[in-house]
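Working notes for the structure below.
The values are calculated or read from the model by the stated rules, or taken from the named source; none is laboratory data. Since we're looking at a predicted model, the values are computed, not measured. Neighbour counts are summed over all protein chains in view; Cβ atoms, including those assigned to glycine, are modelled from backbone coordinates with ideal geometry.
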Amino acid sequence: MNLFFKNRATALVLFLFFLSLILNIFLYTKSKHTNSILTSQPEKHYQLVNQKSQVPIDSNVQTDSLIIQFNDLKPAIEKEISHFGAEQNIGFFLQDSTTGAWLGINEKTGFTPASLLKIPIMLGILKKVTLEEISLKDSMKILPEDLDSNSGKLYKKGAGYEISFWNLLEEMILASDNTAKNVLRRQLSPSELNAIFAHVGIPNPYQEKSEPTVTPRGYTRLFKALYFATYVSPELSEKALSITTDTQVESLISAGVPPEIQVAHKYGERPDGISDCGIVYENSSPYYLCIMTKDLELSKSKELISNLSKITYDFISNKK
């Protein structure tokens, strides 16, 4: 009898052993197959967003030695500015997105942003999309107080006209439409707007008691947030940047680079000056460029910005 029970116990142990072995082999095979599927899926490629760097390079954390890269460029930039007699009327900020090397002239001086503030409004709306509070397909009605004929043609549709968030973003950025801007801005609370500027580490111009101002160096951080997709997802950052590559005004920074080079940018125009800021996707190393003018004839401002853009691009492309 003892032998019988002993044999049964032995058989049970062997059975459990082989059952465990088979189960482990099954789980291992399944896990390997799952990992194979996951790793075989191609990484999504973005043309305008950089996902390689986890932390965006910022000029505040770079060492002075990196500025040497632009030492030979500075005299040419200063000479062009001097030619227009605009030494006190311009803010210039350039930064290499790869090394963080930068060059600035009056880069910490405040300028009236005008339509440049449409970029943070776009970021605010895309944040609400990220939080699933709205969809880009959702429509909004234009209210009488939204109508603004100073920039864009959407006002001609009149109050009561319904338009999607995506089309509003396109109108606001591509045509710099003020009516679209007004519709979108009233969707954002003061705290939501403030969160955008807090994220990039610059003062909120909307909270200034006097006329809002931004600096070329500070404003560039908004485009960094898009380039490195630090505020909204890479997909939405790509969408945002793609809009800015096709604006109706391409006579400023874009005029200084070859037509095949993409420029993601936003311009702002006032009676006393023009600003244009964004990312130039130079083949080897994209760079940020922000140029702002004030108290300068508009025709001179446009010519100066395009000339400075060309000088910058030629220098960088020839250095590679």
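List of remarks:
- The selection criterion, being part of a helix (DSSP H, G or I) and charged (D, E, K, R), holds for residue 224.
- Yes/no for residue 211 being among the acidic types (Asp, Glu) and not in a helix (DSSP H, G or I): yes
- Of all residues making up the stretch 257-284, the number that are aliphatic (A, V, I, L, M), assigned to a strand (DSSP E or B) and closer than 19 Å to residue 238 by Cβ: 4
- For the stretch 163-175, taking the residues that are surrounded by fewer than 18 Cβ atoms within 10 Å (Cβ to Cβ) and out of contact with any strand residue (DSSP E or B) (no Cβ under 8 Å at 6 or more places or on another chain), the one that is farthest from residue 240 (Cα to Cα) is identified as 175.
- Of all positions in the stretch 312-319, none carries a residue that is at pLDDT 95 or above, of a type in the set (Phe, Trp, Tyr), over 22 Å from residue 72 (Cα atoms) and part of a helix (DSSP H, G or I).
- Considering only residues in the stretch 236-253 that are in a loop (DSSP other than H, G, I, E, B) and among the hydroxyl-bearing types (Ser, Thr, Tyr), the one that is nearest to the chain's Cα centre (by Cα) turns out to be 245.
- A count restricted to the stretch 225-262 and to residues that are among the basic types (Lys, Arg) and within 18 Å of residue 283 (Cα to Cα) stands at 0.
- Qualifying residue in the stretch 140-162 (condition: closer than 22 Å to residue 264 by Cα, at pLDDT 95 or above, aromatic (Phe, Trp, Tyr) and surrounded by 13 or more Cβ atoms within 10 Å (Cβ to Cβ)): no
- Residue that is nearest to residue 93 (Cα to Cα), among those in the stretch 250-274 that are aliphatic (A, V, I, L, M) and crowded, with 20+ Cβ neighbours inside 10 Å: 253
- Contact map, the stretch 96-108: residues that are on the phi > 0 side of the Ramachandran plot paired with residues that are not in a loop (DSSP other than H, G, I, E, B), Cβ distance under 7 Å, separation 6+ or inter-chain. Pairs shown: 100/59; 100/66; 106/90; 106/91; 106/92.
- Taking residues in the stretch 285-297 that are in a loop (DSSP other than H, G, I, E, B), and partners anywhere that are aliphatic (A, V, I, L, M), the pairs with Cβ atoms closer than 6 Å and at least 6 places apart or on different chains are 286/279; 296/86.
- For the stretch 275-290, taking the residues that are among the hydroxyl-bearing types (Ser, Thr, Tyr) and more than 13 Å from the chain's Cα centre (by Cα), the one that is surrounded by the fewest Cβ atoms within 10 Å (Cβ to Cβ) is identified as 284.
- Test: residue in the stretch 181-199 that is aliphatic (A, V, I, L, M) and within 20 Å of residue 111 (Cβ to Cβ): yes
- Of the candidates 233, 191, 210, the single residue that is surrounded by fewer than 20 Cβ atoms within 10 Å (Cβ to Cβ) and within 16 Å of the chain's Cα centre (by Cα) is 233.
- Residue in the stretch 293-301 that is hydrophobic (A, V, I, L, M, F, W, C) and under 16 Å from the mean Cα position of the chain (by Cα) present: no
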